[in-house]
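The values are calculated or read from the model by the stated rules, or taken from the named source; none is laboratory data. The model shown is predicted, which means the values in this text are computed figures rather than measured ones. Here the Cβ positions follow ideal geometry from the backbone for every residue, glycine too, while neighbour counts run over all protein chains shown. Only protein heavy atoms, including side chains, enter the accessible area calculation; ligands, DNA and RNA are left aside. Shrake-Rupley method; radii C 1.70, N 1.55, O 1.52, S 1.80 Å.
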Amino acid sequence: MTFKDQTFRLLPDGTTQNEDTIMSRHISPYEIYAKHVLETMYPERYGTLLLRDKPDLQTEDGAAGIEVTSVNGEIFERLVSEIAVSQPYQAPSDRVLELCAKCGIEYHNWQTFVIKPLPAAGFVEPFRRKLQKLNAGYAFLGRYDLYLYSDRHTLEDYELEPLLETLCGENRAPISYQYVYIDADGKLVCFDLAHGTFEVRPISGMRLEPLEGLAD
């Protein structure tokens, strides 16, 4: 399996091996995806990122690290997995319907699932949890950033300024985040918490690229 000029081999136990090091943990697809996005969209900021732990991605020189997490929720992730392995054009299983009900997702005929979007304010609690973990003990690096991914939340223009203000207010700890990336609603928003600014970049076309790379 080849991805972004690095060759990885999946081992029987689910760990990943490259030519330089054997990773002693399971690699999340979200981490590989975030690595691809950040190397592509912010090459001057990160260069080549390494798959590590605490935080998940780290620059080669140790200047920065990025923690990556999906905020879809465990139940939603299970639902996606169940739908992926189900037979096409068949009525959903009781398990799928049960998970839909727990996620607040409606099932319509012909395997149409209606996902009610969640507001951008839903990113605050995951940010708060990650900030607490950051201060509980991570590798010593020059800077720490955060990458939050969601298939369920909106990122409307009117939500961005209040979200920035809230994240800046929460980001008060001995060790804090500088850049917080939120990947949702077809866009990537980079919140610069150190300077109280943000920028928005389209990203919908990039979501398939790393998944295709994983299948090679």
Students often get this wrong: which residues of segment 116-139 have the backbone nitrogen under 15 Å from the point 7 angstrom along Cα-to-C-beta of E165?
121
Which Rg and Dmax, in Å, describe the Cα atoms of segment 49-190?
17.8, 53
Straight-line reach from K102: which lysines fall under 30 Å, measuring Cα to Cα and dropping same-chain residues less than 8 apart?
K116, K130, K133, K187
Below 8 Å between Cα atoms, with a sequence gap of 6+, how large is the relative contact order for segment 42-154 in percent?
34 percent
Could you put R52, R78 in order of accessible surface area, largest first, with the 1.4 Å probe and the full protein assembly present?
R78, R52
